Amino acid sequence: MKKIVLTLIMLAPTVMVNAQTNSNSFLKDWSGPYGGIPPFTEYKLNDLKPAIETAIQDKLNEVDKIANNSKPATFENTIVALEKTGKKLNQVYAAFGIYSANMNSPEFEPIETEMTPKFSEYNNKFYQNGKLFDRISKVYSDPATKKLTGEQQRLVWLYYSNFVREGAKADAKSKVKIAKINEELASLFTKFSQNQLADESNYYLELKSEADFDGLPLELKNAAISDAKERKLNVMGVIANTRSSIEPFLTFSNRRDLREKAFQIFTSRGDNGNATDNNVTLVQILKLRAEKAKLLGFKTFADWSLSNTMAQKPEKTLDLMMSVWTPAVEKVHADVAEMQRMADAEGSSSTGLSIPGKFKISPWDYRYYSEKVRKAKYDLDQNDLKPYLQLEKLREGMFWVAGEIFHLGFKQVYNVPVFHPDVKVWEVFNTNTKKVVGVWYFDPYARKGKRSGAWMNATREQSRVNGDVITIVSNNCNFIKGKDGEPILISWEDASTLFHEFGHALHGLNSNVTYPSLSGTNTPRDYVEFPSQVMERWLPTPQVLNKFALHYKTGEPMPMSLVQRNEKASTFNEAFSTVETISSALLDMKLHLLENPDINPKQFEKETLDKLGMPSEIVMRHRIPQFGHIFSDDAYAAGYYGYLWADAISADATEAFTETKDGMYDKAVAKRLYDNVFSIGNTVDPAIAYKKFRGRDVNTDALMRARGFVPKPADKK
């Protein structure tokens, strides 16, 4: 996931400097290597609020100067001038985002609550600046614009379409309403996020006896013991209320009663009927979004949200989702029947029940019995893989792939300030030219105050509009930190997540464009996940496994027999993950297609899933009251389908490699991928760019093959 908090138009260098800049830790110019780096160790939280206010005002002053220019509007004095504004605001906002996602605290929360609407207020003033929009419109309609380069024309189009989309053509009365809605939404987004973080921090499963650890892998047991000590609780262990802790517990715990408790704690986030309940908040968000969409001339928020995407229309996304939904549900029913047979035969010895074989598979059983079926069917236990999946070795493997495919090298550096001791930093360079192209920060471990999940951030975008500016990117995960000195062993799913997020980082590190608005991952929402998802496809290649999937004790590579068993099981449980994810995407779209979203969230969730035929043994990956993707900001709202949309593209792109003699390491295909995807940002329409890479439009059949819902060509008789 690429994390985007607000649509802030605050891009690259130059800034107005005032007296406060010199004393405020957040307003000081970034100095040091790599064209300047964030001085995290110098930041004082008390400086953040005045820094935000000063940086916003400086940016607005710069914008007003451009808007009031007495000279006729041109590409240079309007569009390029805008690209050069807001350096201080960029820097302050980057720090604000890191505090919010990586270092949230009781001291930061009131600042976040008060200042988030300030960013929204800034956006309103920017997009509703009539003089500025008039100048942008003149450049957009000027015949001379057609003589600009393709990248420059794309930039003009982007500015014009964004302004129109945000209501620049609305009447004065509507603009006032839109501005008010945006500010109200910003406050509600913060409230939703803080509520979710509170439930993830304050709820947990206590393990009180040795029997409560039954079935747990050693690293999960050690992490639970460590967490209990950190919380200063008088219990043997604690399972934190985060996906990285709960899902392994649901997979391996032999205690069915505790699995149910863990499941209920996790799926009830934001839905506990207390001060942190999100149901009222999310309905308020939906109502405001629907109202805003109508003011902007759209039937629903979904129509507005998709207006700048590849899909364009909600109907296209629903068609794609349902085409995959139906075979996935059918496969889930078959998988559950297999699990049920195993549970019936197994009896109660490891279920915590007194009546043998008298229970129906429930959601808290799915992962547990799925893992048992995997072991029986493929002689493959996830714990067989884990000893070979060392976090640091896999990180080295990612670097190696980046070198093979994109000619990137990585050198760890120690002269760069970090925001937490767990964070490490690498200088990234082109191995052919030796030119430094970026800086990569890695924040891998879960901790209090850090939001759950995994994401990539761009602290600074690559650009050349005002000097050669290199990017600064970070990958952020929530792996469970073990004992000091012991390697961190992760699951295969976690390893895929690691490669996925690194794909986002590579999208930024490979960026080679002029204008920051078009740089790196600044692409349509349903395209931005494509580079990250295609990156996952390199993890299971023999080249990576032989070099980097090394046993943490012996250093021996993963045995070929285990590699082959893992490959045979590669689409096992794919139906579960497909149903889990698409159910969330379908609910997201259906929520935002409501013209009057005055709903009871629980009732709406149940009725919609019933109509879809949701298997009772599975819940949505993100239930509505905890669906931070769509309620912590607008980034993925009516856009969660984008993961499936982009995966259709990545599956097809993968076949471009596998159709060749050299497979995933074919140099010619890799160069086309760099030239037409990873290096160009949003300088070319994604549909056109992909066609240049593939030689044709996307073939969605590849997605069905990748998920095991239809035979692969080689499997056909």
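The values are calculated or read from the model by the stated rules, or taken from the named source; none is laboratory data. Keep in mind that what you see is a predicted model, and the values were worked out from it rather than measured. Cβ coordinates were reconstructed from backbone atoms using ideal geometry, including for glycine residues, and neighbour counts include every protein chain displayed. Keep in mind that these areas ignore ligands, DNA and RNA; they rest on the heavy atoms of the full protein, side chains included. Shrake-Rupley method; radii C 1.70, N 1.55, O 1.52, S 1.80 Å.
Take residue 516 and decide whether it is buried (at least 22 other Cβ atoms within 10 Å of the Cβ) and in contact with an Asp or Glu (Cβ under 6 Å, 6 or more places away or on another chain). When the stated conditions are applied, residue 516 passes them.
Contact map, the range 616-632: residues that are of a type in the set (Asp, Glu) paired with residues that are part of a loop (DSSP other than H, G, I, E, B) and open to solvent by less than 20 Å² (accessible area, probe 1.4 Å), Cβ distance under 6 Å, separation 6+ or inter-chain. Pairs shown: 617/361. Scoring residue 386 on the criteria (1) modelled with pLDDT under 95; (2) surrounded by fewer than 16 Cβ atoms within 10 Å (Cβ to Cβ); (3) in contact with a Pro (Cβ under 8 Å, 6 or more places away or on another chain) leaves a single failure, condition (2).
Filtered by the rule that a residue be free of Cβ contacts under 8 Å to residues at least 40 places away in the same chain and not in a loop (DSSP other than H, G, I, E, B), the range 70-111 gives 76, 77, 81, 110.
Assess whether residue 245 counts as being more than 27 Å from the chain's Cα centre (by Cα), modelled with pLDDT under 95 and surrounded by 16 or more Cβ atoms within 10 Å (Cβ to Cβ). Taking the combined requirement at face value, the residue does not satisfy it.
Of all residues in the range 591-607, those satisfying the criterion of being surrounded by fewer than 18 Cβ atoms within 10 Å (Cβ to Cβ) and either polar (S, T, N, Q) or within 20 Å of residue 636 (Cα to Cα) (or both) are 594, 595, 596, 600, 603. Every test in (1) under 19 Å from residue 326 (Cα atoms); (2) free of Cβ contacts under 8 Å to residues at least 12 places away in the same chain is passed by residue 667 save one, and that test is (1). Residue count for the range 476-513 under the criterion of being open to solvent by 30 Å² or more (accessible area, probe 1.4 Å) and within 22 Å of the chain's Cα centre (by Cα): the result is 6. The set of residues in the range 186-218 that are of a type outside the set (A, V, I, L, M, F, W, C), more than 19 Å from the chain's Cα centre (by Cα) and open to solvent by 20 Å² or more (accessible area, probe 1.4 Å) comprises 187, 191, 201, 202, 203, 204, 206, 208, 209, 210, 214, 215. Determine which member of the set 64, 58, 47 is of a type in the set (Asp, Glu), open to solvent by less than 20 Å² (accessible area, probe 1.4 Å), modelled with pLDDT of 95 or more and closer than 30 Å to residue 128 by Cα. The unique qualifying residue is 58.
Do you know which residues across the range 167-200 are without any contact (Cβ under 8 Å) to a residue 24 or more places away in the chain and on the phi > 0 side of the Ramachandran plot? Those that are without any contact (Cβ under 8 Å) to a residue 24 or more places away in the chain and on the phi > 0 side of the Ramachandran plot: none in the range 167-200. Within the range 537-556, residues that are open to solvent by 70 Å² or more (accessible area, probe 1.4 Å) sit with their Cβ atoms under 6 Å from residues that are assigned to a helix (DSSP H, G or I), at 6+ positions apart or across chains, in these pairs: 552/387. Put simply, of 694, 623 the only residue that is basic (Lys, Arg) and closer than 29 Å to residue 290 by Cβ is 623. The helices (runs of 4 or more DSSP H) found entirely in the range 572-664 that carry 2 or more residues being under 21 Å from the mean Cα position of the chain (by Cα) and farther than 20 Å from residue 282 by Cβ are 574-592, 642-658. Among the residues of the range 394-411, those identified as open to solvent by 40 Å² or more (accessible area, probe 1.4 Å) and in contact (Cβ under 8 Å) with a residue 40 or more places away in the chain are 396, 400, 404. Here residue 325 clears all of (1) at pLDDT 95 or above; (2) open to solvent by 10 Å² or more (accessible area, probe 1.4 Å) except the condition numbered (2). If the condition is being within 26 Å of residue 182 (Cα to Cα) and either surrounded by fewer than 19 Cβ atoms within 10 Å (Cβ to Cβ) or modelled with pLDDT under 95 (or both), then the range 141-157 contributes only 157. Has the range 634-648 got at least one residue that is of a type in the set (Gly, Ala, Ser), modelled with pLDDT of 95 or more, open to solvent by 30 Å² or more (accessible area, probe 1.4 Å) and more than 22 Å from residue 520 (Cβ to Cβ)? Scanning the range 634-648 turns up no residue that is of a type in the set (Gly, Ala, Ser), modelled with pLDDT of 95 or more, open to solvent by 30 Å² or more (accessible area, probe 1.4 Å) and more than 22 Å from residue 520 (Cβ to Cβ).
Among the candidates 313, 287, 299, 261, the residue that is touching a Phe, Trp or Tyr at 6+ places or on another chain (Cβ under 9 Å), open to solvent by 10 Å² or more (accessible area, probe 1.4 Å) and among the basic types (Lys, Arg) is uniquely 261. Among the residues that make up the range 111-123, is at least one of them under 23 Å from residue 443 (Cα atoms), of a type in the set (Ser, Thr, Tyr) and surrounded by fewer than 22 Cβ atoms within 10 Å (Cβ to Cβ)? No: zero hits.
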